[in-house]
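*Asks:* One structure, pasted below without further comment.
All of the numbers you see were taken from the coordinates with simple rules; none came from a lab. Keep in mind that this is a model prediction, so the values were computed, not measured. A quick note on method: Cβ atoms are made from the backbone with ideal geometry, for glycine too, and the neighbour counts reach across all protein chains shown.
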């Protein structure tokens, strides 16, 4: 995922305008708009101010090895479902489908902790039902 998409998704998920983020971050509206559109070369300091304004934390890493990621049960369930895209299109609101899909996957992964077991297709179906009812 590109930096601009991450910034835009976070801003929209927070229900914020570029102008309000610019004020909080002490940056200009055109500067942030350019970053969201994949243009510009932001400094680490500017990215840190943007992250703070968006209620996030900047994490910069330089290394040879990729971080080890654990397999996501939620990602596997979502990938194997024909129904997910229809429901996400209906509930996404102003957010991108990609951001909404990530939130659904994170919810399913968190559900595993609450259930004490990995969620299954029936759990995904119930969650999608709940989203449609909301």
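*Asks:* Taking Rh as the Kirkwood radius, which is the inverse of the mean 1/r over Cα pairs, what is the Rg/Rh value for the stretch 3-53? Please report the intermediate quantities before stating the final value.
*Replies:* On the way: Rg = 9.5 Å, Rh = 10.5 Å.
Reported Rg/Rh (Cα atoms, Kirkwood Rh): 0.90.
*Asks:* Also, I was wondering about something else. For the stretch 17-118, restrict the atom set to alpha-carbon positions and state the Rg and Dmax in Å.
*Replies:* 17.5, 47
*Asks:* Still on this structure, I have one more. I need the semi-axes of the equivalent ellipsoid of the stretch 73-133: take the C-alpha gyration tensor, multiply each eigenvalue by 5, square-root it, list largest first in whole angstrom.
*Replies:* Numbers: eigenvalues 69, 26, 22 Å².
In descending order, the three semi-axes are 19, 11, 10 Å.
*Asks:* A further question follows. Could you calculate the FRET efficiency of residue 60 with residue 134 from 1/(1 + (r/R0)^6), where r is the beta carbon distance between them and R0 is 41 Å, rounded to 0.05?
*Replies:* Working: r = 36 Å, r/R0 = 0.89.
E(calc), rounded to 0.05, equals 0.65.
*Asks:* Right, next: What is the spin-label model distance, in nm, from residue 81 to residue 98 if the labels are put 7 Å beyond Cα along the C-beta direction?
*Replies:* 2.1 nm
*Asks:* Here is a follow-up. Relative contact order of the chain, please, whole-number percent, based on alpha carbon pairs below 8 angstrom and at least 6 residues apart.
*Replies:* The value is 22 percent.
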